[in-house]
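Peer 1: One structure, pasted below without further comment.
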Amino acid sequence: MINEKKRAEKIIKLLQKTYPHAQCGLVHNNPFQLLVATILSAQCTDKRVNIITKELFKNYSTAADLARLTPEELAEDIKGCGLHRNKSRAIIETCRILVNKYGGEVPRDREALEALPGVGRKTAGVVLGVAFGQPTLPVDTHVNRVAHRLELASGKNPETTEQELMQCIPRELWQTSHHLFIAHGRETCDARRPKCGTCPIISMCSKRLEVSVRKGAR
């Protein structure tokens, strides 16, 4: 595990040089906006979510504003993202709980967050880490893919992958790693066509072995 920790830190340092400005891609001004944007981001790109929320937050800036809508009304405003009807219902229910139970504020407790409709472990982790500065390492598809290709994790589900990453990555680098892995997954380590030729950490990646095998078979 000691060697694995050193290897993980080396990977992170190389990624920091490659993506020095890696950060949350969802545009937001407060924890409430981040919560809504993260719910919307499921099966949708951050770029698309930002387009939708730019207009949405002009008209509805608080949980109380959204809580007054019907799911059908909100669905019209967010129909550009996937699963907009399901997300609309979840957001409206969540906003009503925030108003009635938390005075319109977003709770800083993971258990309370995960109890909200539409909020799973990843979404709660993003809000806790980005909005409240808590040490979290949320695992989305990019983080999961990069972690597995680097053999930093082998878990069959995001929660197991998260636990494995937290074991080998220093606590103070959890949030940083989350953003770096996402940046790397989006810009270089693509699911179908990874850019291995320009990858800054290819020497530490198991994927390179698969690429070599494919080239040798031609």
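The values are calculated or read from the model by the stated rules, or taken from the named source; none is laboratory data. What you see is a predicted model, and the numbers here were worked out from it, not measured in a lab. Neighbour counts run over all protein chains shown; Cβ positions are idealised from the backbone, glycine included.
Peer 1: Could you grab me the full set of residues in the stretch 87-103 that are of a type outside the set (G, A, S), crowded, with 16+ Cβ neighbours inside 10 Å and without any contact (Cβ under 8 Å) to a residue 60 or more places away in the chain?
Peer 2: The answer is K87, R89, I91, I92, T94, C95, R96, I97, V99.
Peer 1: Name, by its number, the condition in (1) under 15 Å from E4 (Cα atoms); (2) surrounded by fewer than 20 Cβ atoms within 10 Å (Cβ to Cβ) that does not hold for I169.
Peer 2: Of the numbered conditions (1) under 15 Å from E4 (Cα atoms); (2) surrounded by fewer than 20 Cβ atoms within 10 Å (Cβ to Cβ), the odd one out for I169 is (2).
Peer 1: Ok, one more. I'd like to know if the stretch 194-205 contains one or more residues that are under 26 Å from P31 (Cα atoms) and either touching a strand residue (DSSP E or B) at 6+ places or on another chain (Cβ under 8 Å) or surrounded by 20 or more Cβ atoms within 10 Å (Cβ to Cβ) (or both).
Peer 2: No, that holds for no residue.
Peer 1: Here is a check on your reading of the model: is L26 within 17 Å of I92 (Cβ to Cβ) and at pLDDT 95 or above?
Peer 2: When the stated conditions are applied, L26 does not pass them.
Peer 1: Take the stretch 36-67 and flag every residue that is under 16 Å from A131 (Cβ atoms) and of a type in the set (D, E, K, R).
Peer 2: Selection gives D46 alone.
Peer 1: If you don't mind, there's one more thing I want to ask. Name the residue, out of K6, K58, K17, that is without any contact (Cβ under 8 Å) to a residue 12 or more places away in the chain, in a helix (DSSP H, G or I) and not assigned by TED's automatic domain parsing to the domain that holds R96.
Peer 2: The unique qualifying residue is K6.
Peer 1: When you look at E114, is it surrounded by fewer than 20 Cβ atoms within 10 Å (Cβ to Cβ) and within 16 Å of the chain's Cα centre (by Cα), yes or no?
Peer 2: When the stated conditions are applied, E114 passes them.
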